[in-house]
Structure formats: C-alpha cells, structure tokens
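The values are calculated or read from the model by the stated rules, or taken from the named source; none is laboratory data. These numbers were taken from a predicted model, which means no experiment stands behind them. Cβ: placed from backbone, ideal geometry, glycine included. Neighbour counts: every protein chain shown.
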Amino acid sequence: MGYLTHTPPGYSFDGMEHVVDTETHGGPPYGYSSNKEAYLRRLKRIEGQVRGIARMVEEDKYCIDILTQMSAVTKALHAVSLGLVEEHIGHCVVGAANEPDPAKRAGEIDAKVKEASDAIGRLLR
C-alpha cells in the first residue's frame, strides 16, 4: 500500500503485501478486527460513491450536484476514520496501559497516544 505515509514501529511493507514483525507485534489482532467486515462494507459503499462522482464529471453534470456528492463522501470517510481512531484508543492505547512491565508501560502509552494524536491531527488538516 504505497500511499501510506506512516508505518508503525514493528511493521514493514514489502511491495503491496503487509508484513508484520512478530518480534514486536505478537499480540492480539488490531482493534478494528472485530468490525472489519462493517468497515469493508462502508468503504466499498464509499468507493461506489466516488465512482458515481467520476461518472457525473464524465457526463458533465451540474457542479453543485457534484460538490454535494463530494461532501457526502467526505463525511462518510470521516465517519470511518473516527471509528478507526476510537478502535485504536480502545484497543491499542488500553493495551499499552495494560503492559505488565512497568519500565515499558509509560513509553508504550506515550507512543500509542502520540499515534492517535498524530492521526487526529492529519484528519483535521
């Protein structure tokens, strides 16, 4: 997934294939895993909306109608993004807080909170 600009510690991308470093991430699946199918359905719906917008442009539809559809897609993406941030906080940040090694705990919490803060900052730009 070459469009990603941030690779969390312990992960790498080999071409388009996601590779997990099991030494640093041997824990449970990502927080969103239990809702993965719902996220995929929403993203596929958004993909359909984007294709519809492209079709509207190809067919020279009225600009305000196109902008209305763009707004709907933006809101839908924000909803998915906020869900993922919530999942990150509920799973990854809480997981860091439950780190059994007190020497690692504070650093783990700080890192996960910073990841969440950075992600929220990118969403607000």
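Some observations on this one:
- With respect to the conditions (1) in a loop (DSSP other than H, G, I, E, B); (2) touching a Lys or Arg at 6+ places or on another chain (Cβ under 9 Å), PRO100 lacks only one, and its number is (2).
- Out of ALA116, ALA103, sole residue that is without any contact (Cβ under 8 Å) to a residue 60 or more places away in the chain and within 19 Å of ASN35 (Cβ to Cβ): ALA116
- Checked against the criterion of being hydroxyl-bearing (Ser, Thr, Tyr) and surrounded by 12 or more Cβ atoms within 10 Å (Cβ to Cβ), the candidates SER81, SER117 yield just one match: SER81.
- Cβ separations smaller than 6 Å between residues 6+ apart or across chains give no pair from segment 85-97 residues that are assigned to a helix (DSSP H, G or I) to residues that are modelled with pLDDT of 90 or more and among the hydroxyl-bearing types (Ser, Thr, Tyr).
- Restricting attention to segment 90-105 and to residues that are surrounded by 16 or more Cβ atoms within 10 Å (Cβ to Cβ) and aliphatic (A, V, I, L, M), the residue that is nearest to the chain's Cα centre (by Cα) turns out to be VAL93.
- Candidates LYS36, LYS61, LYS44, filtered to the one that is modelled with pLDDT of 50 or more, more than 19 Å from the chain's Cα centre (by Cα) and either of a type in the set (D, E, K, R) or surrounded by 11 or more Cβ atoms within 10 Å (Cβ to Cβ) (or both): LYS61
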